Amino acid sequence: MLEPVVETRPWEEQLALDDASYRAQLAYLLDRSAFYREKLGLATAEEAGGLAHVAALPLTEKHELKATATPENPVGAHLCAERSEIVRIYSTSGTTGTPSYIPLTARDLDDWITGSARSYSASGITAGQRIVSTYNAGPFVAGAALASFDAIGLCHIPVGTGNTERLVRAIELLRPEAAVLTPSYAAYLVEWTGERGVDLRGSSVERVLVAGEPGGGEPALRARLEEGWGARVTEAMGIGDIGISLWGECEEQHGMHLGARGFVHPELIDPATGESIPLDDGASGELVLTHLRHQAAPLLRFRTRDHVHVRTSVCPCGRTSPRVRCVGRTDDMLIVRGVNVFPTAVRDVVGAFAPRVSGHIRLRPTADGVKQEPPLPVAVELAEGVEPDEALAETIRERIRAVLVVSTRVELVPWGSLERSEYKGELVER
Ligand SMILES: [Zn+2]
């Protein structure tokens with residue numbers, strides 16, 4: 001364990017420490033954040049009470065922040081730090097126009113790296129081992145995660161995305177104990193090496209650390225990756241506006257612990273109503289995060305759009321923070337006659353039909369928007385050499401109906417016909 005004193009602290013004690021941090025953070029926001037001064041409408045921070053009352057405060061949506069960005073203040077009205085205090089500015093991929101900017105002070109950056117290092121080291125990787133990474137740092141927050149490998153004391157071999165040949169060569173020649181990549185790319189590697197007769201199973205890699213998208217925790221996909229790599233798969237998860245690799249899974253593989261404990265406070269809400277859901281064992285809902293000691297652009301009750309399952313039972317690893325498993329992004333969710341359908345959940349059900357299926361699927365909704373009429377069309381790719389078979393399609397359709405309570409039209413498509421991704425995979429095709 002990287003920081004045993006912190007990571008095994010009883011959660012109640014952590015909450016007591018977090019309560020003090022939260023009260024100070026709230027006072028800081030009222031002092032420095034034009035965005036929150038207006039949004040909260042509080043005369044004093046004391047008025048809001050402590051962390052136990054955080055759910056009474058309004059939620060923060062990404063678009064609200066974006067709406068306050070101006071040419072004079074491109075970050076937005078939630079910016080709290082002076083220009084001279086900011087040491088780094090990341091940006092989002094900006095698929096919807098101008099990117100969002102994410103500024104950090106030196107302490108913010110340090111906290112990000114500390115939390116990320118705890119999360120990644122939970123996987124069991126230790127100082128002196130080698131890790132090959134496939135993130136293209138560029139303008140994106142994922143770049144900061146790379147610094148956490150130094151903090152753990154690893155030998156870091158950056159390879160970047162988009163050059164599989166180079167990655168496989170690095171694994172063969174430099175013999176890293178771990179690889180970090182998206183689950184989509186990890187799956188792609190299994191197929192790529194299989195087609196070329198490269199023995200990935202027999203490689204030096206003992207741990208595959210996946211992050212960047214949901215999927216690493218789905219039993220079927222995880223089984224496929226562990227089989228293909230001959231390695232243990234654990235996942236990590238962050239959210240750009242809040243922090244990198246906030247959560248990291250331990251060797252027990254029962255969900256991701258909060259590595260960023262002390263820096264971030266987690267909550268759950270019902271995504272439809274915004275109502276708070278207690279963070280109890282077995283609970284599920286959308287993850288909402290609050291910065292506890294952030295300086296540059298702290299956020300309060302930020303909606304992550306990540307839908308998670310929570311575990312708070314004792315973990316044999318000794319870490320005491322709650323654990324989460326991401327079920328999918330609220331943004332990817334479809335609603336079929338009132339039933340919420342996460343594409344990742346469909347993939348998991350279908351993946352259990354391996355070795356007859358490849359594990360690749362596409363949802364092909366017919367209507368624009370979230371709401372769909374049944375049956376929902378699902379393309380299911382067959383494994384190599386498997387012939388289409390109406391009975392198999394029917395069995396898959398019935399299993400999806402039984403598990404997810406949604407009616408689908410399953411179309412079996414030949415091996416290799418659904419596009420693979422060397423970065424993040426798309427499960428919905430419109
Ligand atoms: Zn654990």
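The values are calculated or read from the model by the stated rules, or taken from the named source; none is laboratory data. Quick caveat, the model's predicted, so the values are computed rather than measured. Note that each Cβ is placed from the backbone with ideal geometry, even for glycine, and that neighbours are counted across all protein chains shown. Each accessible area value is taken on the protein alone, full model and side chains, heavy atoms only, with ligands, DNA and RNA left out. Shrake-Rupley method; radii C 1.70, N 1.55, O 1.52, S 1.80 Å.
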query: Does any residue of segment 324-334 turn out to be in contact (Cβ under 8 Å) with a residue 60 or more places away in the chain and farther than 30 Å from GLU394 by Cα?
result: yes
statement: A careful count of residues in segment 312-334 that are away from the ligand (no atom under 11 Å from the Cβ), part of a loop (DSSP other than H, G, I, E, B) and β-branched (Val, Ile, Thr) gives 1
- prompt: Among the residues of segment 243-257, is there at least one that is more than 16 Å from the chain's Cα centre (by Cα) and under 26 Å from ILE125 (Cα atoms)?
  reply: yes
- request: Give the number of residues within segment 9-37 that are open to solvent by less than 60 Å² (accessible area, probe 1.4 Å) and not in a helix (DSSP H, G or I).
  value: 2
query: Only one of (1) in contact with a Phe, Trp or Tyr (Cβ under 8 Å, 6 or more places away or on another chain); (2) at pLDDT 90 or above is not met by ILE335, so which one is it?
result: (1)
message: Looking at segment 270-282, I want the residues that are within 20 Å of LEU258 (Cβ to Cβ) and in contact (Cβ under 8 Å) with a residue 12 or more places away in the chain and have a partner that is part of a loop (DSSP other than H, G, I, E, B) and open to solvent by 50 Å² or more (accessible area, probe 1.4 Å) with Cβ atoms under 6 Å, at least 6 apart or on another chain. Which pairs are those?
response: ASP281/THR312; ASP281/SER313
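Conditions tested, residue by residue: (1) of a type outside the set (Lys, Arg); (2) more than 27 Å from ASP331 (Cα to Cα); (3) touching a helix residue (DSSP H, G or I) at 6+ places or on another chain (Cβ under 9 Å).
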residue	(1), (2), (3)
ASP368	yes, no, no
VAL380	yes, no, yes
ILE396	yes, no, yes
ARG401	no, no, no
query: Among the residues of segment 178-199, is any part of a strand (DSSP E or B), out of contact with any Gly (no Cβ under 8 Å at 6 or more places or on another chain) and in contact (Cβ under 8 Å) with a residue 60 or more places away in the chain?
result: yes
message: Going by what's in this entry, would LEU79 be described as touching a residue at least 60 places away in the same chain (Cβ under 8 Å), open to solvent by 20 Å² or more (accessible area, probe 1.4 Å), closer than 19 Å to ARG293 by Cβ and of a type outside the set (Phe, Trp, Tyr)?
response: yes
field: Residue count for segment 102-121, restricted to those that are in contact with a Lys or Arg (Cβ under 7 Å, 6 or more places away or on another chain) and either within 16 Å of the ligand (Cβ to nearest atom) or at pLDDT below 95 (or both)
entry: 0
